[in-house]
Structures are given as structure tokens and as C-alpha cells.
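Chemist: For reference, the structure I am asking about is given below.
The values are calculated or read from the model by the stated rules, or taken from the named source; none is laboratory data. Just so we're clear, the structure is a prediction, and the values are computed from it rather than from any experiment. FYI the Cβ positions are ideal-geometry reconstructions off the backbone, even for glycines, and counts take in every protein chain you see. Accessible surface is based on the protein model in full, side chains and every heavy atom, while ligands, DNA and RNA are left aside. Shrake-Rupley method; radii C 1.70, N 1.55, O 1.52, S 1.80 Å.
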Amino acid sequence: MIHTIISGLVLLLILGAALGLRGKRRVISYLANNSLIVNITPKGRATAVADAAFTSRYLICKRGAQVYSIAIAGQGDTPYGVVPDMTPTTDTDLSYPLPVNILGLNEDTERMIASGAVALDNMLTTDASGQVRAVPSASGTYWIVGKAKSAAVAAGDQVEVVPCFPYQFTH
């Protein structure tokens, strides 16, 4: 008789523990799902995979074909960030995540590659192949990405830039 009562109590304890954990599992999975949905970008630095290979550093990128990918920006493209690295030559499937410094969110100056001569304090805009140039005097609409903190003499030179949130400028 006493064994039956003890067995019944143990069974009730196990059943109560199982029901109690079931509710906690729901809470834990709810918290885990929320942590996966809300990704943040600390200090304006993110990672993304490239849509196509490129072999130069410090190029301006735009959003790629996928949510998590980037492509090198051209003249007139909406700029997204600066890629301080390049795709590895051994990565043929483009699965290697690259660092991206998002324009306007990064608290540091950025290196960028000039497509020609740039004077100190020039406002810079995107040019072909992810490079930057001084805003031309010709009429048009340009994406401003920052202000030159150093000068560049020729195409391919690095220029230090005080970046800003990209905005369109028309003159």
C-alpha cells in the first residue's frame, strides 16, 4: 500500500515537472526566435558576401541581389558602404563574408580609392568600379559619400574620407 502511494507521488512529481518545463520551453524558444530576427550592426560594421569577385580594397559597394549580399557600386548607383577587403582568389563560390563599413554609421574616417585627382576638402561622389571622384562642375545628380581629408594625385590612389550618409546632390 505504501509503495503505491509513493509511486503515485513520484508519478505526480514527474508529470508536474514535465508540464512546468513545457511552458519554459515556449518562453526560451520565443526569446531565441526574437534574437535571430533582430540583428544589429554595431558601430556601422557588418558582413556580407559578394555577388561577383573583385580584387581591390576600399571600394564603394551597393546592396546586392540578395538581402545579405553586396555588389561594387558604379556611377549613379545608390552607395551602401565601403568594403575594406576583397574577395579571396581561392573562394570560387563567393561564400566568404566580407566586412562592410556602412556609410554614415561608421565612426571612423574611411579609405577609398580615387578614380582621378582629388583635392583636399573636395566633396566626393561615386564613380565607375566602386571608386570615388570629386563632384564635377557639370550639371547632374550625384550621390555624395563624404569629404576628402587627404588628396589623391592619380587614379588608384587611396584617399582618406570623412564619410556621411549618402545623399543625392543636384546642380
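Chemist: Give me the percent of DSSP beta bridges within the stretch 77-171 that run antiparallel, rounded to the nearest 5.
Modeler: 95
Chemist: What distance in nm lies between label points placed 7 Å from Cα along the C-beta direction at Asp108 and Thr170?
Modeler: 3.7
Chemist: Moving on. Give, as a single signed number, the net charge of other residues whose beta carbon lies under 15 Å from the beta carbon of Ala119, with Lys and Arg counted +1 and Asp and Glu -1.
Modeler: That sum, taken over residues with Cβ under 15 Å, equals 0.
Chemist: Follow-up question, since we're still on this one. Treating only the Cβ atoms of Lys and Arg (+1) and Asp and Glu (-1) as charged, compute the dipole magnitude of the stretch 83-153 about its Cα centre; round to the nearest 20 debye.
Modeler: My answer is approximately 340 debye.
Chemist: Which cross-chain or sequence-distant (5 or more) residues have an amide H under 5 Å from the amide H of Cys164, H modelled 1.01 Å from N in plane?
Modeler: Gly104, Gly146
Chemist: So, with a 1.4 angstrom probe, what is the percent of accessible area on the stretch 89-157 that is carbon and sulfur?
Modeler: 51
Chemist: Now, a different point. Averaged per residue, what accessible surface does the stretch 29-171 expose to a 1.4 Å probe, in Å²?
Modeler: On a per-residue basis, the stretch 29-171 sits at 55 Å².
Chemist: Here's another thing I want to ask about it. For the stretch 40-171, what is Rg from Cα atoms divided by 2.2 N^0.38 Å, rounded to two decimals?
Modeler: The stretch 40-171 yields a ratio of 0.99.
Chemist: Still on this structure: Which whole-Hz couplings ³J(HN,Hα) result when phi for each residue of the stretch 138-148 is put into the Karplus expression 6.51 cos²θ - 1.76 cosθ + 1.60, θ = phi - 60°, listed in order with x for Gly and Pro?
Modeler: Couplings: 5, 4, x, 10, 10, 8, 8, 10, x, 10, 5 Hz.
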